[in-house]
Amino acid sequence: MLVRLHAAALRGVDAVPVTVEVRVDSGIHFLMVGLPDSAVRESQQRIKSAIEHLGFRWPGKGITINLAPAGLRKEGAAYDLPLALGILAASEQIESDALPGVLMMGELALDGTLRAVRGGLALAHAAMAPEICSLILPRASAEEAALLPDVEVLPADHLSGVLDHLSGARRLVPAPCDLAHLLDQQRAASVAALADIRGQDRAIAAMALAAAGGHNVCMVGPPGSGKSMLARAMVGLLPPLTVDEAVEVNRIHSVSDRSTAGGGLVLQRPFRSPHHTISDVALVGGGSDPRPGEISLAHAGVLFLDELPEMPRNVLEVLRQPLESGEMTVSRARSTVVFPAAFQLIAAMNPCPCGMYSNDPAKRKRCSCSRHARQQYIRKVSGPLLDRIDIHLEIQPVRARDLLPESGALGRQHSTERRDRSAAWRDRVQAARTVQFNRNPNGVTNHKLEGQALHDLVQLSGKGNALLTRCMDQFGFSARTHTRILRMARTLADLDGQGAVRTEDLAAAIALRRAGRDTEQWLDQQGNAPPELFSA
């Protein structure tokens, strides 16, 4: 007897439909074709033990299994469940009438218990096909799959429960998941991480600008000045995940097999901070079975690269494409996979090998590095990569008086004031994002504006055009830098609730694009000092 069942194979962050064909006829053999890997081929022993544990018999005949399409490689133990049911139905031990409309995946233990599989949300997308009415998954994988409201996801704990459901003896209960409600619970997230930062008001304002427009940031400053704290506080400034973003983020983490290891659904914007010894494959994704890398796991969130010059240059250079396109294409001999990678890059680095160099002559004497050593250190990061980073932020050491312990009524007052300022920045960022969503084409943030759409939204005065032209000649900015300055100026105007971009917005964008006292002094000489909030 021949039986056909629905399954799926993971490719990147998507699932490709697979038809499991099982035939039991004369002979004594067990043949499996269709490019199964070793984990799929070893399923025979798991399936045999599971069905015999439930009192069924292993067919003493020839069993032929085909996984179609035959040219697509099948990997992992998730095919155990459809293979077990196919063998039972083909040997006429269970009815096969209910099998065609169900997509099922799951790994079997020797006693028939179902174990979690990766890619539950991608499998749910595959189950949206017209010929499929429901999706059966292990309970540990069903929660994320239930994020799609148009798919009936049935969680099961044991092979016996699946057999009872198919026979009608006891139906499986669909998994409930109200994603909008879960996200609403995260909207009251604390901004305590931002409120704990002291003595870096200028840096906090710059990070708020980055959060409002989706701009990338590179912080340069001595060790212990708060660069890592500022990067981690960025997640608190960003708006909460939307429903669509949450579905996409969880699909990426599910395929990478890290959602269950991290404790379930991802309901806040991701923050990824890989070590500077990371390889290029671990950063961008890939492998023989391509899986998402750190940049895809940071999709819709923050990728923090600390000690930027210490990272291998070949690793850093692979960031160029995703910073521009928001996706990463991994090409291999057998296939090409595209991973989402619309992350916000926050990089941090020391100004020199010893970390103590400063633009302030009074503090420069603490640096023990030669000029050549400083230049060699900075040159580890290529110019084309730095040109793709919007904000170049100089972080100054925190003053000692800002770190003194606060106690009593005055200390509580200062703590309350910092929390209020942090909440105010978050509200301003949210308001600016709302303006961009309603105004910009396709609701994109300002860092994605380009071409005529950008020029329509950034109409500079004659004074602003003259200032921008002079700064291009003075500092040798590229055409890409010109565009990014206009985008930042637009975001600064949005943060202040202004409809038009002012000259002071442009001056602040130039100062943040090229960090250093020489830039601010030059702007002051031109009669366009940046606003006090962004000045040194």
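The values are calculated or read from the model by the stated rules, or taken from the named source; none is laboratory data. Note that the coordinates shown come from a computational prediction; the quantities given were computed from them, not determined experimentally. Cβ atoms come from the backbone with ideal geometry, glycine included; neighbour counts cover every protein chain shown.
So which of Glu92, Glu144, Glu131, Glu107 ends up being on the phi > 0 side of the Ramachandran plot, touching a residue at least 24 places away in the same chain (Cβ under 8 Å) and among the charged types (D, E, K, R)?
Glu92
Counting only residues that are out of contact with any Lys or Arg (no Cβ under 8 Å at 6 or more places or on another chain) and in a strand (DSSP E or B), how many does the range 23-49 have?
So the answer is 4.
Please work out which one of (1) in contact with a Gly (Cβ under 8 Å, 6 or more places away or on another chain); (2) more than 30 Å from Ala203 (Cβ to Cβ); (3) not hydroxyl-bearing (Ser, Thr, Tyr) is the condition Gly287 fails and give its number.
Among (1) in contact with a Gly (Cβ under 8 Å, 6 or more places away or on another chain); (2) more than 30 Å from Ala203 (Cβ to Cβ); (3) not hydroxyl-bearing (Ser, Thr, Tyr), the lone unmet condition for Gly287 is (1).
Search the range 393-418 for residues being charged (D, E, K, R) and modelled with pLDDT under 70, and hand back the single one that is nearest to Ser225 (Cα to Cα).
Glu406
Does Pro353 count as over 22 Å from Gln268 (Cα atoms) and either part of a helix (DSSP H, G or I) or not aliphatic (A, V, I, L, M) (or both)?
For Pro353, the condition - over 22 Å from Gln268 (Cα atoms) and either part of a helix (DSSP H, G or I) or not aliphatic (A, V, I, L, M) (or both) - is met.
Could you please give the count of residues in the range 224-235 that are under 20 Å from the mean Cα position of the chain (by Cα) and within 12 Å of Asp196 (Cα to Cα)?
Qualifying residue count for the region: 4.
Within the range 383-493, considering only helices (runs of 4 or more DSSP H) that don't extend past its boundaries, which have at least 3 residues that are in the same structural domain as Ala206 (by TED's automatic domain parsing), surrounded by fewer than 20 Cβ atoms within 10 Å (Cβ to Cβ) and not β-branched (Val, Ile, Thr)?
Qualifying helices (runs of 4 or more DSSP H): 383-387, 408-439.
Would you be able to say whether some residue in the range 510-528 is assigned to a loop (DSSP other than H, G, I, E, B), modelled with pLDDT of 85 or more and more than 18 Å from Leu209 (Cβ to Cβ)?
no
Quick check: anything in the range 31-44 touching a residue at least 12 places away in the same chain (Cβ under 8 Å), outside the structural domain of Ser296 (by TED's automatic domain parsing) and among the basic types (Lys, Arg)?
No, the range 31-44 contains no residue that is touching a residue at least 12 places away in the same chain (Cβ under 8 Å), outside the structural domain of Ser296 (by TED's automatic domain parsing) and among the basic types (Lys, Arg).
Which of the following residues is touching a helix residue (DSSP H, G or I) at 6+ places or on another chain (Cβ under 8 Å) and surrounded by fewer than 17 Cβ atoms within 10 Å (Cβ to Cβ): Leu2, Leu85, Leu10?
Just a single option satisfies the conditions, and that option is Leu2.
From the residues in the range 494-504 that are of a type in the set (Asp, Glu) and part of a helix (DSSP H, G or I), which one is modelled with the lowest pLDDT?
Ranking the candidates gives Glu504 first.
Inside the range 161-183, can you point out the residues that are on the phi < 0 side of the Ramachandran plot, of a type outside the set (Lys, Arg) and surrounded by fewer than 17 Cβ atoms within 10 Å (Cβ to Cβ)?
Listed by number, the residues that qualify are Asp164, Ser167, Ala169, Val173, Pro174, Pro176, Asp178, Ala180, His181, Leu182.
Could you look through the range 307-357, keep only residues that are on the phi > 0 side of the Ramachandran plot and over 20 Å from the mean Cα position of the chain (by Cα), and pick out the one that is surrounded by the fewest Cβ atoms within 10 Å (Cβ to Cβ)?
Restricting to residues being on the phi > 0 side of the Ramachandran plot and over 20 Å from the mean Cα position of the chain (by Cα), the top hit is Glu307.
Output the residue which, of all residues in the range 1-22 that are under 19 Å from the mean Cα position of the chain (by Cα) and assigned to a loop (DSSP other than H, G, I, E, B), is farthest from Arg73 (Cα to Cα).
Per the criteria, the residue is Val13.
Name the single residue, out of those in the range 103-121 being among the hydrophobic types (A, V, I, L, M, F, W, C), surrounded by fewer than 22 Cβ atoms within 10 Å (Cβ to Cβ) and modelled with pLDDT of 95 or more, that is farthest from Arg57 (Cα to Cα).
By that ranking, first place goes to Ala109.
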